[in-house]
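The values are calculated or read from the model by the stated rules, or taken from the named source; none is laboratory data. As the structure is a prediction and not an experimental result, all values here were calculated from the model. Cβ placement follows ideal geometry from the backbone for every residue including glycine, while neighbour counts extend to all protein chains displayed. Only protein heavy atoms, including side chains, enter the accessible area calculation; ligands, DNA and RNA are left aside. Shrake-Rupley method; radii C 1.70, N 1.55, O 1.52, S 1.80 Å.
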Amino acid sequence: MSEGILSGRVGVVFGVANKRSIAWAIAQAWVAAGARLIFNYQGERVRGNVEELAAACGPDTPVAQCDVSRDDEIAGFFDFVRSSAGRVDLLLHSVAFAPREALEGRFIDTTRQAFAVAHDISAYSLVAVSRAAAPLMTDGGSIVTLSYYGAEKVVPHYNVMGVAKASLEASVRYLAHDLGPQRIRVNAISAGPVNTLAARGISGFMEMYKHYEAHAPLRRNVTLEEVGQTGLFLASDGGAGITGQTIYVDSGYSVMGM
């Protein structure tokens, strides 16, 4: 039973997009376990959708704007968090972006601008929000981000996002070292392909999805709920001894050589 294991804890969630997102699955698991959440939205275009999802977590769930590419908005967001809750125990980072054209064709054709944008939004943003959250994690805490196997192996069409995710995973390790003395744990979940809106933006995604199903040891793809439960584990006292790690939730696909 997970009910109540996060009771009294405050979590900040970056990157919830819709009900089919991994971030939402983790957020739901945290709420079901008793956590109180605060959500960000990037801009007015997505504000209504995030507010609707936040309301499903409780009628008074706070929501505020934060574009993670802007240091001033990050600072303003955590001022809002401080005034709303006073502290932070949990942080979920589910933020990634690369221009669509960079996820097609060859990696070698990635432009300098696309490379910079992908790394800024997908990797550096974890560093930036962790730095802002750490002073509010006065009783320790857990930071969880989302990666993918393309950080370790070549996945056709994942291209610059794979390189950015490799940077993200390295950042997890360095942040774990820096924040460990404050009893703040930092980990990544590397989920197998999940049929989300973001994933469908990757060229050839459905072929990848079917390939995993056929070749993973469990002979199936993972579910959003399974990834959500892993996010809950890492946030809970059950994961108290785990930091700096990338946890694969992929039906075992990553252990296969062929």
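Out of (1) more than 19 Å from the chain's Cα centre (by Cα); (2) at negative phi, what's the single condition that is false for residue 58?
Against the list (1) more than 19 Å from the chain's Cα centre (by Cα); (2) at negative phi, residue 58 comes up short only on (2).
Name the residue that is nearest to residue 212 (Cα to Cα), counting only residues in segment 151-161 that are in a helix (DSSP H, G or I) and over 15 Å from the mean Cα position of the chain (by Cα).
Applying the filter and picking the extreme gives 159.
Check residue 176 against each of (1) touching a helix residue (DSSP H, G or I) at 6+ places or on another chain (Cβ under 9 Å); (2) buried (at least 18 other Cβ atoms within 10 Å of the Cβ) and name the one condition it does not meet.
(1)
If a residue must be open to solvent by 40 Å² or more (accessible area, probe 1.4 Å) and either part of a helix (DSSP H, G or I) or touching a Leu at 6+ places or on another chain (Cβ under 7 Å) (or both), how many such residues does segment 203-241 contain?
Number of matching residues: 15.
Just the residues that are in contact with a Cys (Cβ under 6 Å, 6 or more places away or on another chain) and more than 20 Å from residue 19 (Cβ to Cβ), please, taken from segment 37-73.
Once the filter is applied, which keeps residues that are in contact with a Cys (Cβ under 6 Å, 6 or more places away or on another chain) and more than 20 Å from residue 19 (Cβ to Cβ), segment 37-73 yields only 73.
Would you tally the residues in segment 119-150 being assigned to a helix (DSSP H, G or I) and either aromatic (Phe, Trp, Tyr) or in contact with a Pro (Cβ under 8 Å, 6 or more places away or on another chain) (or both)?
The total comes to 2.
On the basis of being aliphatic (A, V, I, L, M) and out of contact with any Leu (no Cβ under 7 Å at 6 or more places or on another chain), does residue 46 make the cut?
Yes, satisfied.
Across segment 128-159, what is the number of residues that are among the aliphatic types (A, V, I, L, M), touching a residue at least 24 places away in the same chain (Cβ under 8 Å) and over 19 Å from residue 82 (Cα atoms)?
Number satisfying all stated conditions: 4.
Just give me the residues in segment 91-113 being basic (Lys, Arg) and outside any helix (DSSP H, G or I), in sequence order. Spell out how you get there, then give the answer.
To start, the set of residues in segment 91-113 that are basic (Lys, Arg) comprises 100, 106, 112.
106 - this is the single residue of segment 91-113 that is basic (Lys, Arg) and outside any helix (DSSP H, G or I).
Search segment 5-23 for residues being surrounded by fewer than 23 Cβ atoms within 10 Å (Cβ to Cβ) and not polar (S, T, N, Q), and hand back the single one that is farthest from residue 88 (Cα to Cα).
First, pick out the residues of segment 5-23 that are surrounded by fewer than 23 Cβ atoms within 10 Å (Cβ to Cβ): 5, 7-10, 17-21.
When the remaining residues are screened for being not polar (S, T, N, Q), the result is 5, 8-10, 17, 19-20.
On the way: 5: 16, 8: 11, 9: 8, 10: 5, 17: 22, 19: 24, 20: 25 Å.
Across segment 5-23, the extreme among qualifying residues is 20.
Which condition from (1) touching a strand residue (DSSP E or B) at 6+ places or on another chain (Cβ under 6 Å); (2) closer than 26 Å to residue 257 by Cβ is the one that residue 154 breaks?
Answer for residue 154: the failing condition is (1).
Output the qualifying pairs, or none if there are none: Cβ atoms under 6 angstrom, residues six or more apart or on different chains, first residue in segment 160-178 and of a type in the set (Ser, Thr, Tyr), second residue assigned to a helix (DSSP H, G or I) and open to solvent by less than 10 Å² (accessible area, probe 1.4 Å).
Taking only residues 6 or more apart or on different chains, the pairs are 167/123; 171/123; 171/126.
(1) open to solvent by 10 Å² or more (accessible area, probe 1.4 Å); (2) in contact with a Leu (Cβ under 8 Å, 6 or more places away or on another chain): which one isn't true of residue 90, the others all being true?
Answer for residue 90: the failing condition is (1).
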